[in-house]
1. How large is the dipole of the chain about the Cα centre if only Lys and Arg carry +1 and Asp and Glu carry -1, each at its Cβ, rounded to the nearest 20 debye?
2. Mind checking the alpha-carbon convex hull of the chain and giving the volume per residue in Å³?
3. Taking only Cα atoms and a 10 Å spring cutoff, compute GNM fluctuations for the chain and point out the largest among 177, 293, 88.
4. State the dimensionless ratio Rg/Rh of the stretch 1-155 (Rg: radius of gyration of Cα atoms; Rh: Kirkwood radius).
5. Compute all pairwise cysteine Cβ distances in the chain, then list the cysteines with no distance under 4.7 Å to another cysteine.
6. What FRET efficiency comes out for the pair residue 88/residue 175, r = Cβ-Cβ distance, R0 = 30 Å, nearest 0.05?
7. Let me check the size of the stretch 132-279 from its C-alpha atoms; what are the radius of gyration and Dmax in Å?
8. Once the Cβ-Cβ distance between residue 204 and residue 45 is put in as r, and R0 is 22 Å, what FRET efficiency do you end up with, to the nearest 0.05?
Amino acid sequence: MIDIRTVFTTTASLCLLLLPGFLFGKLKLTEGRGFAKGISDFVLYAAQPAMLVTPYIREFDSGVLKNAGFTVLFSLICHGLFTTAAIIVIRAKRSGTEPSAEDPEKAEKKRKNLSTVRIAAIFGNCGYMGIPLIENLLGSEAAIYATVFNIGFQLFLWTVGCYLATGDIKYVSPKKILLNPATISIFIGLIIFFTPANRYIPEFILKALGLLKETVVPLSMFVVGIHMAGNKLSGFFKGWRMWLSIAMKQFLAPVLAFGVLFIFKTTGLFYSYEVAVVTLLCGAAPCATITSIFAEKFDLDRDTAGRMVPISTILSIATMPLAALLLKLF
């Protein structure tokens, strides 16, 4: 049984890492140097793959494989529910009507905002924040389940996420589901897990992977802090859709995840405490940094995206422990 205080202190520690990036941003120490982009690329293409591969460097275990399979299933179901809820609940206007076609410029602005907040409500930081948190709470075996939870994330991101961002099916990219750093890393990890390859990996490579893995959290939080510093305080907390999206991501999402787990347990289909922790906490993770990346890539509402990620990350100090309390109902 996990300790709620540990969830709180671990989440608070992760969020405290926003401070260096925020200070660097406010002191103008990152301007013109490409800090944020360079660090993001390093995390994406070097540190994150090390974090995703490392848990699989172990002997094959059929029990772990079974749990991992159900974790993927839960991730797909949960992201499907998150997507449905975001589309139904988060509307263009409070009344639920679509933007008026009489003012194309205003309608386009609302569309960009709507797409941004829907994406933020669906996709949580289950990679950069979820995996380290789970590994800290439950160890390396549970970290495997946290990594495969990202399979559902990637599947929905490059299909549903792209469609929500553009409204055009041609931008849906099944190819990127398979050819992105996260999926490739998990695939390499599975090869190691299914074969005796783990026995032949030199110690110095394992140490290098471990060192790289440890940089994921501080560097990713550093970048979020820089983006946070780039926003003006006036208007930082404005936007009813923004708050509705954050509420859905950090309150409704864990409830939906709990419902999926509860159904599978009560019907006798499947239950694992470790998988339940992973599904619930990864589902309750704050808005993913991909929200800001997609806002840049598809010319969405950059301002709202830049505010949502740090706000929801800070709020996760309280919301992640609350989500963990649901585990006591099992």
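1. The dipole of the chain has a size of about 700 debye.
2. 140
3. The residue that fluctuates most here is 88.
4. The Rg/Rh ratio comes out at 1.05.
5. 15, 78, 162, 287
6. Computed FRET efficiency for residue 88 and residue 175: 0.55.
7. Rg and Dmax of the stretch 132-279, Cα atoms, are 19.1, 57 Å.
8. The calculated FRET efficiency here is 0.60.
Every number here is computed from the coordinates shown, using simple stated rules; none is lab data. All figures in this text were calculated on a predicted structure; none of them were measured in a lab. Cβ atoms come from the backbone with ideal geometry, glycine included; neighbour counts cover every protein chain shown.
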